[in-house]
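The values are calculated or read from the model by the stated rules, or taken from the named source; none is laboratory data. What you see is a predicted model; the values in this text were computed from it and never measured. Backbone-built Cβ (ideal geometry, glycine too); neighbour counts: all protein chains shown.
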Amino acid sequence: MPLRNQHLAQADSNQRFLDSTFDLQRTNYPDWVVTAAFYVAVHLVDAFFAGISQHPYDHKIRGKAVDRELPGIAPSYKMLYLQSRAARYDCTQITNIAAQLAVRTVLPQVRRGVEALLV
């Protein structure tokens, strides 16, 4: 099972990928933007869970754990999950505006909420 610092390192790596790969104003890949943003969030919440010796092994279990243990970020986390899932499996067209909202507003809410608990 990865340790807290390993999840934080992966979240940072995913964030660097997101920041370096996509021009949010003109991306042709808003589906990948929301997917990358979601996976930043996954590793942030997994860092929290690793710190309390929990290791959710799939999205369903992780989502329930977020609802239970991290209710302050649950709506934002769930929004990223649903957008990413819709883009990946339902072929839903994600707009650039939705991708910008995910990266500039929703993901930072998750990050702030988790980081406040990691102190």
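Summary of computed values
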| read-out | value |
| --- | --- |
| Complete set of residues in segment 84-96 that are out of contact with any Ser or Thr (no Cβ under 8 Å at 6 or more places or on another chain), assigned to a helix (DSSP H, G or I) and either surrounded by 13 or more Cβ atoms within 10 Å (Cβ to Cβ) or modelled with pLDDT under 95 (or both) | ARG85 |
| Selection within segment 39-70 - assigned to a helix (DSSP H, G or I), closer than 14 Å to VAL114 by Cα and of a type in the set (Val, Ile, Thr) | VAL40, VAL42, VAL45, VAL66 |
| Search result, residues across segment 35-75 that are under 9 Å from the mean Cα position of the chain (by Cα) and small (Gly, Ala, Ser) | ALA36, ALA37, ALA41 |
| Residue in segment 12-28 that is among the β-branched types (Val, Ile, Thr), buried (at least 18 other Cβ atoms within 10 Å of the Cβ) and assigned to a helix (DSSP H, G or I) present | no |
| Cβ-Cβ under 6 Å pairs, at least 6 apart or on other chains, segment 29-53 side touching a residue at least 12 places away in the same chain (Cβ under 8 Å) and surrounded by fewer than 21 Cβ atoms within 10 Å (Cβ to Cβ), far side part of a helix (DSSP H, G or I) and charged (D, E, K, R) | ALA50/ARG4; GLY51/ARG4 |
| One residue from LEU101, LEU70, LEU117 being more than 24 Å from ALA50 (Cβ to Cβ) and surrounded by fewer than 20 Cβ atoms within 10 Å (Cβ to Cβ) | LEU101 |
| Neighbours by Cβ (under 6 Å, 6+ apart or cross-chain): first from segment 59-85, farther than 21 Å from ALA98 by Cα; second in a helix (DSSP H, G or I) | VAL66/VAL45; VAL66/ALA74; VAL66/TYR77; ASP67/ALA74; GLY72/GLY113 |
